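Structure first, then comments.
The values are calculated or read from the model by the stated rules, or taken from the named source; none is laboratory data. Every value quoted in this text rests on a predicted model; they were computed, and no experiment measured them. Backbone-built Cβ (ideal geometry, glycine too); neighbour counts: all protein chains shown. Note: accessible area is taken over every heavy atom of the protein model, side chains too, but ligands, DNA and RNA are not part of it. Shrake-Rupley method; radii C 1.70, N 1.55, O 1.52, S 1.80 Å.
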Amino acid sequence: MNTKAPVPGDMPPKGLSRRGLLQFMGAGAGAAVAGAAGLNFAAASPVTAAPLTVAGSSSLPHANDANFWRQVEKLFTLDKKVLFMNVGTVGSPPREVLDALDKTNREVARDALSAYSDFADVRAVAARGYGCDVDELVISHNTSDGMSKIIAGLNLRAGDEILTTNHEHGGGLVPMALARDRHGVVIRKVALPVGNDQRAEDYVELFRRAITARTKVLLFSAPTYKTGTMLPIQMLAKLAQEHGLISVVDGAHIPGMMNYSFHELGVDFLAGSAAKWQCGPGGTGVLYIRNKVLSQYNPNPLPEFWPVVSSSYPQEGGVPPRSSTDTASYNIGTYLQSVGNGSIALNEGVRTVCGVWDRIGRQRIEDHVVGLSSYLKDLVVERWGVGSLYSPKDDPRLVCALTSFNPFRNRTDVLNAEKSAEFVARMRDEYGITIRNSDFPVIGSAQPHRPVRISTHLFHQSKDVDRLVDAAWKLSGKMA
Ligand SMILES: Cc1ncc(COP(=O)(O)O)c(C=O)c1O
């Protein structure tokens, strides 16, 4: 979807030789090709790595790609004894990022370096990968930090309504609760249907019907962390624009998973994690603030917004009015980024990991991880039936790389908190597979449902999905 700087044909050609593959992996970054592992990404210069975004292509399984993804897997230090499938909670930084952190931390300590900086160079690299401009992008601490800064920065008054969903995360719920308790903002929730029976239009209609004359903000997670439903961001952004609403996306899982151009999404704000699917250092996130009129994607005026945590906002004189054209009137990102002494090492980690992703190709990663999820969904349907899925499957606008399903042979066990927790623990202890469960309201059910949630990422292959499904099937038999 991110159509910036397309590089056509950068899929590894079928039947690529080992040497050819290694060259391909280093392409665009001048990476040295060496070492027993076959790939030496450490020599690459992430700053100069051109973003490789390609038109969407394969999903799984693609036998010829296995070698490519095996090389990608070698970039990570994940424990080989464990099959880690909970990236939705936290990712794992590649070796190259660990090296950058270590080297930078040592330099900072040796030279007693401070960083009263707006990290514009790092933000420029990240902004290029996420399809926005540097003045619109902040390297935040995490999704929760970004959501807090967005909601606290809006000019919301008593009686103003935020329209959200019943499947939000605390990272968004808490700042909304603060706005309610402090300012009298009203929070209203749309109940989200789950599973494979909905289309994108159905979700948009639910929101449309719930908008009132007091609604000021449309706030939703995409994907929701509960079921991995990718709420249709562009369609909901359009809906918000039509009603003059501010759109806020909790996009915790978007960076590093989906190749979205933030501009093209057409939203006003998006907060994401850089430490989950993006596999950056812990304590890093991505915050997008639309800072100009985007005639093609979001022609609405910019909402009033204050950089509430800043040490660079002018002490006198304020700032000019927010832009009403396609040129920013000031750099809102810099005000939010420059907050006292920052971490050079964390920022270096983000820069490095963005370089790795751009080099592999963000569209290729999205195709791979979403393709694995759809392969997993097919296997789940074969064994447990389509009714066991909490994630959508058939509408491509609603899918992502999170898969949520009821693993129990006795379907009502999904209501049982102990059994759900036991399932996750036994998958780890008996099969060496790390997954998680989640709990959430389901329309028509008096009790919350507690299915399992699987993350398929770039260090996985179809054989890992096969292993997961076999283990879950066996365990569900034992627990029946
Ligand atoms: C939808 C959603 N929002 C927010 C968060 C909080 O993420 P972070 O740790 O980046 O603040 C999570 C974490 O899993 C999440 O899934």
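The single condition among (1) touching a residue at least 24 places away in the same chain (Cβ under 8 Å); (2) surrounded by 17 or more Cβ atoms within 10 Å (Cβ to Cβ) that residue 447 does not satisfy is (2).
Across the stretch 432-448, what is the number of residues that are assigned to a loop (DSSP other than H, G, I, E, B) and among the hydrophobic types (A, V, I, L, M, F, W, C)? Give the derivation first.
Initial filter on the stretch 432-448 (assigned to a loop (DSSP other than H, G, I, E, B)): 432, 435, 438-439, 441-448.
This time we only want the ones that are among the hydrophobic types (A, V, I, L, M, F, W, C), so: 435, 442-443, 446.
Number of matching residues: 4.
Looking at the stretch 261-300, which of its residues are β-branched (Val, Ile, Thr) and over 21 Å from residue 216 (Cα atoms)? Step through it out loud before you land on a result.
First, pick out the residues of the stretch 261-300 that are β-branched (Val, Ile, Thr): 267, 284, 286, 289, 293.
284, 286 - these are the residues of the stretch 261-300 that are β-branched (Val, Ile, Thr) and over 21 Å from residue 216 (Cα atoms).
Against the list (1) touching a Phe, Trp or Tyr at 6+ places or on another chain (Cβ under 8 Å); (2) more than 26 Å from residue 185 (Cα to Cα), the condition residue 114 fails is (1).
Of 282, 317, 244, which residue is within 16 Å of the ligand (Cβ to nearest atom), open to solvent by 10 Å² or more (accessible area, probe 1.4 Å), modelled with pLDDT of 95 or more and not β-branched (Val, Ile, Thr)?
Details: 317 fails: within 16 Å of the ligand (Cβ to nearest atom); 244 fails: within 16 Å of the ligand (Cβ to nearest atom).
Result of the check over 282, 317, 244: 282.
Applying the condition of being touching a His at 6+ places or on another chain (Cβ under 9 Å), in a loop (DSSP other than H, G, I, E, B) and not hydrophobic (A, V, I, L, M, F, W, C) to the stretch 210-241 and asking which residue is nearest to the ligand (Cβ to nearest atom) yields 225. For the stretch 313-366, the set of residues classified as assigned to a loop (DSSP other than H, G, I, E, B) and either outside the structural domain of residue 256 (by TED's automatic domain parsing) or under 29 Å from residue 102 (Cβ atoms) (or both) consists of 338, 339, 340, 341, 342, 343, 361, listed by residue number. For the stretch 247-264, a residue qualifies if it is within 11 Å of the ligand (Cβ to nearest atom), among the aliphatic types (A, V, I, L, M) and outside any strand (DSSP E or B), and the qualifying residues are 252, 254. Looking at (1) crowded, with 23+ Cβ neighbours inside 10 Å; (2) within 16 Å of residue 477 (Cα to Cα); (3) touching a strand residue (DSSP E or B) at 6+ places or on another chain (Cβ under 6 Å); (4) of a type outside the set (Lys, Arg), find the lone condition where residue 406 falls short. The single condition residue 406 does not satisfy is (3).
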